[in-house]
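Only one structure is covered here, and it is reproduced in the block below.
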Amino acid sequence: MPLSFVFDQNRCTGCQACQLACVIENQLAPDRSWRKIYTFNERHYPGAPLFHMSLACNHCGDPACMVACPALAYSRDRETGVVLLDVDKCIGCRYCTWACPYDAPKFDTAAGVVTKCTLCNHRVSEGLKPACVDLCPTGALELADLSQDRITNRVAGFTATDLGPAIKIIRLRSDREVPAQATALATQLIPWSPRPLSKVTLKHEWPLLVFTLVAPVLAAMLAAVAFAGLDVHIAAFLTPALAATALGGAHLGKKTRAWRIVLNVADSWLSREIVLFNLFVVAAATYLWLRPTGQWLAWSATILGFVALIAVDTVYRYGVKTASNLPHSASVFLSGLLLAGVMGLNPALAGTAGLAKLALYVWRKIELQQLGGRGLLAGVTRIGLGILVPVALWTTGSPGIWLVVSFVMLGELIDRWEFYLEMNIMTPELQMALDLDQRIGRLDD
């Protein structure tokens with residue numbers, strides 16, 4: 001039977017002794033502990049309980065990190081059920097840190113790899129308790145052999161998933177649930193804390209931004225060459241394709257292990273994206289070089305290109321969705337269809353894809369309540385320069401097709417830029433913020 005943590009919310013005082021034990025036992029930097037204390041309602045907002053949550057890796061029954069990892073760096077100890085990470089196989093792509101809603105995998109910037117809690121497997125194998133359990137002064141942390149049907153963890157601040165996290169949380173007693181009732185005056189006077197920062201930022205992810213802009217251009221370009229007679233030299237295709245691939249590789253923490261990124265095609269969408277994109281580039285370059293009279297290679301390369309775009313979109317499935325759960329207007333698949341219509345001078349295709357992106361963009365702005373300030377300015381710029389100007393230029397018929405494409409891409413850049421700004425990966429901090437919002441009725445912050 002797999003081992004599980006047992007955490008008692010009633011006993012935890014937030015002393016952080018478990019964090020310190022993890023740091024000492026695993027020789028980590030003080031700010032790199034694999035276990036962390038999270039506090040619900042840290043600002044003591046009236047009407048909501050204040051409690052602590054001690055979390056590390058939950059060694060899930062169906063771990064998202066293992067599924068997401070393109071390099072097959074994760075494995076499971078058959079005897080204890082512990083999910084282990086081999087740092088010698090890790091490529092530092094950080095995709096597992098996106099997949100885990102419990103923020104268990106931690107990226108070590110200095111080493112260029114991800115590390116995570118091992119449940120002190122070296123101690124457990126010798127019959128000892130994990131260091132965090134052993135050093136907890138209040139007995140809030142324990143280790144037990146529990147079947148999944150004996151595990152309960154549906155509590156505020158803990159993300160409910162079907163991953164089978166191996167942790168049993170003993171929830172707060174009813175007398176500690178609500179320490180005080182909020183008043184209207186208190187609600188107005190107490191400053192509202194901002195949402196936690198997302199772990200996905202443009203500062204670190206700009207190579208991915210460039211890749212997601214280049215990929216739909218290439219897919220559309222090949223389709224327009226093959227089926228609409230667009231004249232494109234092979235060098236004009238290969239140069240951005242190779243540059244985008246190189247940028248993607250530059251994003252990895254361990255660049256010399258980049259070849260491992262294709263090993264988990266069976267499960268990882270990141271592996272699938274890379275394999276499909278590279279197959280597309282090879283097929284498209286072959287077509288542009290040979291220009292065969294038959295269309296089988298053109299169809300094969302085009303299909304590969306657009307399936308690769310679907311994979312690119314799916315890579316980002318771990319982002320927190322809006323309430324409507326609709327696709328984002330920055331979808332690279334829709335971008336590819338739009339650009340294919342523009343480059344191939346197909347008004348029906350371009351119009352359909354463009355209207356779909358416009359509708360999704362406006363709806364998202366309304367849903368996120370960004371019609372004022374920067375949101376309004378970005379929206380007007382994106383719609384004006386990225387949609388209205390290209391339509392006007394195309395209608396006149398005077399400018400070259402690449403001028404129209406340039407304005408379309410300006411709009412796509414704004415949309416994709418906003419996509420990364422809005423993207424949020426679920427973490428315990430974010431889950432606690434969302435649950436606190438719901439608890440005190442402040443969803444309109």
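The values are calculated or read from the model by the stated rules, or taken from the named source; none is laboratory data. This one's a predicted model, so the numbers in the text were calculated from it and none came from an experiment. We place every Cβ from the backbone using ideal geometry, glycine too, and count neighbours over all the protein chains shown. Heads up: the accessible areas ignore ligands, DNA and RNA and are worked out on the full protein's heavy atoms, side chains in. Shrake-Rupley method; radii C 1.70, N 1.55, O 1.52, S 1.80 Å.
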Practice problem: Quick one: what are the phi-derived ³J(HN,Hα) couplings along the stretch 85-98, Karplus 6.51/-1.76/1.60 with θ = phi - 60°, whole Hz, x for glycine and proline? | Solution: 10, 8, 5, 6, 9, 5, 9, x, 7, 6, 5, 5, 6, 6
Exercise. Give the angle, between 0 and 90 degrees and rounded to the nearest 10, that separates the Cα long axis of helix 296-315 from the longest principal axis of the Cα atoms of the chain.
Key: 30 degrees
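Any chance you could list the semi-axes, whole Å, largest first, of the equivalent ellipsoid that the Cα gyration tensor gives for the chain, using √(5λ)? Please report the intermediate quantities before stating the final value.
Working: eigenvalues 419, 163, 49 Å².
Semi-axes (√(5λ), whole Å): 46, 29, 16.
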Self-check item: the stretch 191-240 and the stretch 142-168: distance between their alpha carbon centers, rounded to Å
Solution: 39 Å
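In whole percent, how big is the carbon plus sulfur part of the accessible area of the chain, probe 1.4 Å, protein atoms only?
For the chain, the apolar C and S fraction of the accessible surface comes to 62 percent.
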Exercise. Using Cα positions and a limit of under 27 Å, work out the lysines in reach of residue 89, with same-chain residues fewer than 8 apart set aside.
Key: 36, 106, 116, 199, 203, 254, 255
Exercise. Please report the relative contact order for the chain, taking Cα pairs under 8 Å with a sequence separation of at least 6, and give it as a percent rounded to a whole number.
Key: 19 percent
Self-check item: Accessible-area ranking of 255, 203, 89, largest first, probe 1.4 Å
Solution: 203, 255, 89
Quiz item: Amide H to amide H under 5 Å from residue 51: which residues, 5+ apart in sequence or cross-chain, H placed 1.01 Å off N in plane?
Solution: 40
Quiz item: residue 293 versus residue 209, label points 7 Å from Cα toward the beta carbon: distance in nm?
Solution: 4.9 nm
Quiz item: Going by alpha carbons, how many degrees (0 to 90, nearest 10) lie between the helix axis of 347-367 and the longest principal axis of the chain?
Solution: 30 degrees
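Please calculate how many Å² of accessible area the chain carries per residue, with a 1.4 Å probe and no DNA, RNA or ligand atoms counted.
Roughly 47 Å² per residue, with all protein chains present.
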Exercise. Compare the peptides 299-309, 354-364 by average per-residue count of other Cβ atoms within 10 angstrom and give them in order, highest first.
Key: 299-309, 354-364
Quiz item: Using θ = phi - 60° and the Karplus form 6.51 cos²θ - 1.76 cosθ + 1.60, what ³J(HN,Hα) does each residue of the stretch 52-66 get, whole Hz, x for Gly and Pro?
Solution: 10, 9, 9, 10, 9, 6, 8, 6, 4, x, 10, x, 5, 4, 5
Quiz item: Ranked from the most accessible area to the least, with a 1.4 Å probe and all protein chains present, what is the order of 227, 333, 107?
Solution: 227, 333, 107
Exercise. Would you tell me the accessible area of residue 439, worked out with a 1.4 angstrom probe on the heavy atoms of the protein chains, in Å² to the nearest 10?
Key: 90 Å²
Exercise. Taking the Cα atoms of the stretch 302-445, report the difference between the largest and smallest coordinate on each principal axis, in whole Å and largest first.
Key: 58, 36, 20
Self-check item: Part-to-part distance (alpha-carbon centres) for the stretch 103-123 and the stretch 330-344, which is given in Å
Solution: 40 Å
Quiz item: What distance in nm separates the simple spin-label points at residue 421 and residue 111, each placed 7 Å from Cα in the Cβ direction?
Solution: 3.6 nm
Quiz item: Expressed as an acute angle from 0 to 90° and rounded to the nearest 10, what is the orientation of the C-alpha long axis of helix 428-440 relative to the principal long axis of the chain?
Solution: 80 degrees
